[in-house]
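Visitor: Okay, here's the structure, questions in a sec.
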Amino acid sequence: MKKPMKAALLSGLVYPGIGQLICQAYWRAVALFAIFSAAVYYYVEEVVSKYQPLVDKVKSGEVALNSQALAVEISKNPIIIDHQLVSTLTYILITCWLVGVIDAYYLGIKKDAKASS
């Protein structure tokens, strides 16, 4: 498999920034790792923090672990997620993923061109 395709697939399927590591663009790889990881962390933190009270009620036995009891509890105490934050984080994740794939592909092309000359 040629380097551009390998780099793009690794960034797209494994984790953004892996393709940059393959192409030895270390600062770009670190930047993509950091931005993508921070966005994933805040995304998960937002969701877990909102659902944690419900999980605690299920663990303590206040709410039964079945769909009907959970639906009743959620209707009494709705779980409100910050949609603007989640949307922003989603856009950041998608952008990092796309930038990682496209940049890795072009870095691979440059590496192949230098290797063949």
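Visitor: What size of dipole, in debye to the nearest 20, comes out for the chain about its Cα centre when the only charges are +1 on Lys and Arg C-beta atoms and -1 on Asp and Glu C-beta atoms?
Guide: That gives the chain a dipole magnitude of about 700 debye.
Visitor: Let me ask you something else. Identify, among 67, 43, 25, the residue whose Cα sits farthest towards the positive end of the charge dipole of segment 5-73, taking +1 on the Cβ of Lys and Arg and -1 on the Cβ of Asp and Glu, with the dipole about the Cα centre.
Guide: Farthest towards the positive end: 25.
Visitor: Once you place label points 7 Å from the Cα toward the Cβ at residue 42 and residue 87, how far apart are they in nm?
Guide: 1.6 nm
Visitor: I'd like the distance between the alpha-carbon centres of segment 13-33 and segment 53-97, rounded to an integer number of Å.
Guide: Segment 13-33 and segment 53-97 have Cα centres spaced 32 Å from each other.
Visitor: Can you check what the net charge comes to around residue 7, using other residues whose Cβ is under 13 Å from the Cβ of residue 7 (Lys, Arg +1; Asp, Glu -1)?
Guide: Local net charge: +4.
Visitor: Can you tell me the dipole magnitude for segment 61-117 around its Cα centre, using point charges on the Cβ only (Lys, Arg +1; Asp, Glu -1), in Debye to the nearest 20?
Guide: For segment 61-117, the charge dipole is close to 380 debye.
Visitor: Quick check on the chain: helices-only [θ] at 222 nm, where DSSP H runs of length 4 and up contribute -39,500 (n - 2.57) each and the sum goes over total residues. Nearest 500, please.
Guide: It comes out at -27500 deg cm²/dmol, rounded to the nearest 500.
Visitor: For the chain, what is the number of Lys pairs with C-alpha distance below 16 angstrom, counting only pairs 8 or more positions apart or on separate chains?
Guide: Final tally of qualifying lysine pairs is 11.
Visitor: Take each of the peptides 86-98, 20-32, average the number of other beta-carbon atoms within 10 Å over its residues, and list them starting from the highest.
Guide: For the peptides 86-98, 20-32, the packing ranking is 20-32, 86-98.
Visitor: Which of the helices in the chain meet the span-like rule: DSSP H, Cα axial reach of 18 Å or more, Kyte-Doolittle mean at least 1.6?
Guide: Span-like helices in the chain: none at all.
Visitor: What number results when the radius of gyration of segment 22-92, computed over Cα atoms, is divided by 2.2 N^0.38 Å?
Guide: Cα-based Rg divided by the globular estimate yields 1.60.
Laboratory data are not the source of any read-out in this text; all were calculated from the coordinates shown. Here the structure is a predicted model, which is why all the values come from computation and not from measurement. Cβ atoms come from the backbone with ideal geometry, glycine included; neighbour counts cover every protein chain shown.
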